[in-house]
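Okay, so here's the structure we're looking at.
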Amino acid sequence: MQLLRLAWTLTTAAVYLLLLFLLLRNQLLREGQLVAGTCEIVTLDRDSSQPRRTIARQTARCACRKGQIAGTTRAKPACIDVRIVRSRMWCEMTPCLDDEGCNLLVNQSGWTCMQPGGRVKTTTVS
């Protein structure tokens, strides 16, 4: 009888510890950890002080898997293959929206996205 009571107590304690662990893990994930392979925008600054020109700077935080690095896919931060950054072939990461055309800058320091109406968005990598 006492052995059964001891087993029941240990099982109950183990279940409570497991629940506590899961609650703490979920709280940590909500409070700042990203899921592997995802990104979030941390800051976004826009400067429209020049006529007909808007300069936008954004900072993203990513949790990329091995062999990946932070980049841009369809105008949003994303984890991309590190080979794209090393080769500086920026258009391979599909940085522009579906209806835009991508072109490398001459010095491969970035890319341009040409919208159907003729508007051009230029992105440089620093």
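Quick notes on this one:
- Computed from Cα atoms, the angle from the helix 2-30 axis to the main principal axis of the chain rounds to 10 degrees.
- Extension gain from residue 44 to residue 122, taking 0.36 nm per residue of separation minus the Cα-Cα distance: 26.4 nm
- Computed from point charges on the beta carbon alone (+1 for Lys and Arg, -1 for Asp and Glu), the dipole magnitude for the chain about its Cα centre is near 180 Debye.
- Sorting 109, 87, 48, 126 on solvent-accessible area from highest to lowest, probe radius 1.4 Å, gives 126, 48, 87, 109.
- Computed extension gain for residue 81 through residue 34, at 0.36 nm per residue and net of the alpha carbon distance, reaches 15.1 nm.
- Overall, the accessible surface of the chain at a probe of 1.4 angstrom is composed of carbon and sulfur to the extent of 58 percent.
- Extension gain, residue 55 back to residue 23 (0.36 nm per residue minus Cα-Cα distance, nm): 7.3 nm
- With K and R counted +1 and D and E -1, the other residues having a Cβ less than 12 Å from that of residue 74 yield a net charge of -2.
- Once the trypsin sites (Lys or Arg not before Pro) in DSSP loops with at most 15 neighbouring Cβ atoms within 10 Å are cut out of the chain, the longest remaining piece is 1-51.
The values are calculated or read from the model by the stated rules, or taken from the named source; none is laboratory data. On a predicted model such as this, the values are computed, not experimentally measured, just so you know. Because the Cβ atoms are built from the backbone with ideal geometry, glycine has one as well, and the counts that use them run over all protein chains shown. To get the accessible areas, we keep the full protein, side chains included, count just its heavy atoms, and leave off ligands, DNA and RNA. Shrake-Rupley method; radii C 1.70, N 1.55, O 1.52, S 1.80 Å.
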